[in-house]
1. How big is the antiparallel share of DSSP beta bridges in the range 563-721, given as a percent to the nearest 5?
2. Translational diffusion coefficient of the chain at 25 °C, 0.890 mPa s, Stokes-Einstein with Kirkwood Rh over Cα pairs, in µm²/s as a whole number.
3. In debye to the nearest 20, how big a dipole does the chain give about its Cα centre with +1 on each Lys and Arg Cβ and -1 on each Asp and Glu Cβ?
4. Sorting F73, F15, F206 by accessible area (1.4 Å probe), largest first, what list results?
5. Can you grab the distance from the C-alpha centre of the range 275-300 to the C-alpha centre of the range 733-795, Å, no decimals?
6. Nothing charged except the Cβ atoms of Lys and Arg (+1) and of Asp and Glu (-1): what's the magnitude of the dipole of the range 193-351 about its Cα centre? Round to the nearest 20 debye.
7. Could you work out how much longer the chain between S91 and A513 gets when fully extended? Use 0.36 nm per residue separation minus the Cα distance between them, nm to one decimal.
8. What does the C-alpha gyration tensor say about the overall shape of the range 184-281? Classify as rounded when a/c is under 1.5, otherwise prolate if a/b is larger than b/c, or oblate.
Amino acid sequence: MEDAYARSVTEVLDFFEVDPAKGLSEDQVARHARVYGKNVLPEEKRTPFWKLVLKQFDDLLVKILIAAAVVSFILALINGETGLTAFLEPSVILMILAANAAVGVITETNAEKALEELRAYQADIATVLRNGCFSILPASELVPGDIVEVSVGCKIPADMRMIKMLSNQLRVDQAILTGESCSVEKELESTKATNAVYQDKTNILFSGTVVVAGRARAVVVGVGANTAMGSIRDSLLQTEDEVTPLKKKLDEFGTFLAKVIAGICVLVWIVNIGHFRDPAHGGFLRGAIHYFKIAVALAVAAIPEGLPAVVTTCLALGTKRMARLNAIVRSLPSVETLGCTTVICSDKTGTLTTNMMSVSKVCVVHSVERGPVVSEYSVSGTTYAPEGIIFDSTGMQLEFPAQLPCLLHIAMCSALCNESVLQYNPDKGNYEKIGESTEVALRVLTEKVGLPGFDSMPSALNMLSSHERASYCNHYWENQFKKVSVLDFSRDRKMMSVLCSRKQRQIIFSKGAPESIISRSTHILCNDDGQTVPLTADIRAELESRFRSFAGKETLRCLALALKWMPMGQQTLSFADEKDLTFIGLVGMLDPPREEVRNAMLSCMTAGIRVIVVTGDNKSTAESICQKIGAFDHLVDFSGRSFTATEFEELPALQQALALQRMAIFTRVEPSHKRMLVEALQHQNEVVAMTGDGVNDAPALKKADIGIAMGSGTAVAKSAADMVLADDNFATIVAAVAEGRAIYNNTKQFIRYMISSNIGEVVCIFVAAVLGIPDTLAPVQLLWVNLVTDGLPATAIGFNKQDSDVMKAKPRE
């Protein structure tokens, strides 16, 4: 069912003739299985090994060498040669070709892994309602119309339409499919949007995504190949690998060389027709064969047999250098492709940003009597590491943030009204989250505020080990307060509350959407003296103005925090308790840009490479992040340069072509849009590098001239890509581009060196043949010269370091 998202729950259930209280009957299951097929991604026919091997010999220069080997062998037999001498020349040629073919076969077999790894994202089991009973079945047995129950931690087994909510809310992490940085809240209502993308289909649960909060029931509407994952698989199958610029150049060079060789060989034969009858040859036929052997020697002399080996060595050296820069290359020719890249389509989340939500702004009420009324603090730090400084509005660093009443209570509330975990991973050497990224950002803020009453704070915290430091302040507050009761977040309230007790006193801590918290607050906590004063209409208006500024102009994700003193002895919380709150403060958070991205993007522009930011997030968020990066400062605004996928698709063909030439930001995209963007740019003769980390990025990564996957990304993305960034960093791409340009320069130099040497050999044999001088160089000797005498110095050229101005030149044609 293609349009389940636009239909009501009743319409969808009627379409599949299913009762939501009983599920499908056995007869219906059998009938639907026949009509819709099984819930598995079909196995794909693999290219036979023999075909892969044969493909490696489909090259003009290689065919000439094979022909030379065969002719050499036949001529040796005609001359009556036996044993080692007859097989020496052809076997040496064939050994060289076999070594080159082996490299090609290994590269090609890696590419087919992407399709196999897509299966890892299929769920194994599902809780299904059939014949009025719930049972746990293999996910492969699901059919459209099945009623399935999902809860926290479940991997969605098929594409499903929500029919019933069994908790306050249901949130799903669909980053692998859409690239959205935050989990998505699902709902029951049908979607009215025309040309709806995955992000708009808020009532559909997509196969392979994971439930992070809540419980619900849904009806299966798509299985196997008819799911979002299935469409990615089809897209991967339809995507042909692009021929690299180096391969194109070498093919052109090979064709030219073949014509020259054919011309010279024919010329040698024609020139020497008069010498065929020379008595020294022992007859006309033997004379013809003698000069035919010279023609073969000429062919061997003209072809630089060492070239494939030297090119491979040079690319392998480049690969090794790139690995030191944290760029792991999976396909050797792609190393050089980077050097002529003209457009980089970069994923926003995790590449330009850290994909670690961080609190960047805090707003509190300073004082009611003395102005200014509201104080703003900015917070440094862009990762989950508990390292960062809090600055006041004048840019002065706060020595002891925890001595300020509002910041202290914000830290308490952030630690206690929180279900997430922040921990240190010693294997990766970084801090990791478990739970919602917004909640982890609050945990990190608590660590940055520190603890009150210690003069040695925050330097004392730096003495702790990384493992202890991760949540030291959070654990302090969790030990000081005992959690008594929790009211989970719900869509209608848009807030969460927790009841805590400490030293014979009870207190509610609440966090939620600013409009919900402010409307339920009657008092505010002042930051200068810790007094609680009534919340007046003027202060309420000022807070709402700051919230609009945070959420609008700065596109920060905002949460408000509040507290309320309760009578001793209360053991439960009710919604009625969430009123007459005391407002503590407002926090604004974002997925922050990486610090090194700005300079990297500027060096791209200097090198004539355009950067297009591609993201599943909405337009205003993407534009705000790009402004924060600072690399687009030369643009007055983003009008005519920023498009949503839907806006771009609706443009006429001519305007699309013009939009592509100016585009800087492409938002609200789904997998097909990324691939469409790559194809459109390639039609304009651009060499496109595409970055990505999710399953959704795989088709575009494969289609791009060079696909770049993130080290922290999915196995599918890594398999479809040509290169993997171990540190997920955009700046690494720029360093790799410089390395790619250096490799091309080195390749050009050693090809010139080898060809000049080969020209000498051709002239030597040709002149000798014309003058009637006896054999000067045998084919085996020529092979030895080409491979060893020429090959090793040429390889040395591959070690040349890059020029200092390599990133100041425009990309080559």
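1. Around 10 percent of the beta bridges assigned by DSSP in the range 563-721 are antiparallel ones.
2. So the translational diffusion coefficient is about 79 µm²/s.
3. Computed about the Cα centre, the dipole is about 400 debye.
4. On the way: F73 60, F15 100, F206 5 Å².
Correct descending sequence by accessible area is F15, F73, F206.
5. Each part's Cα centre sits 26 Å from the other's.
6. Values: 16 positive and 11 negative charges, 75 e Å.
Dipole magnitude for the range 193-351 comes out near 360 debye.
7. So the chain would gain 144.3 nm between S91 and A513.
8. prolate
The values are calculated or read from the model by the stated rules, or taken from the named source; none is laboratory data. The structure presented is a predicted model; accordingly, all values stated were derived computationally and were not measured. Heads up, the Cβs are rebuilt from the backbone with ideal geometry, glycines too, and the neighbour counts pull from every protein chain shown. Calculation scope for accessible area: heavy atoms of the full protein, side chains included, ligands and nucleic acids excluded. Shrake-Rupley method; radii C 1.70, N 1.55, O 1.52, S 1.80 Å.
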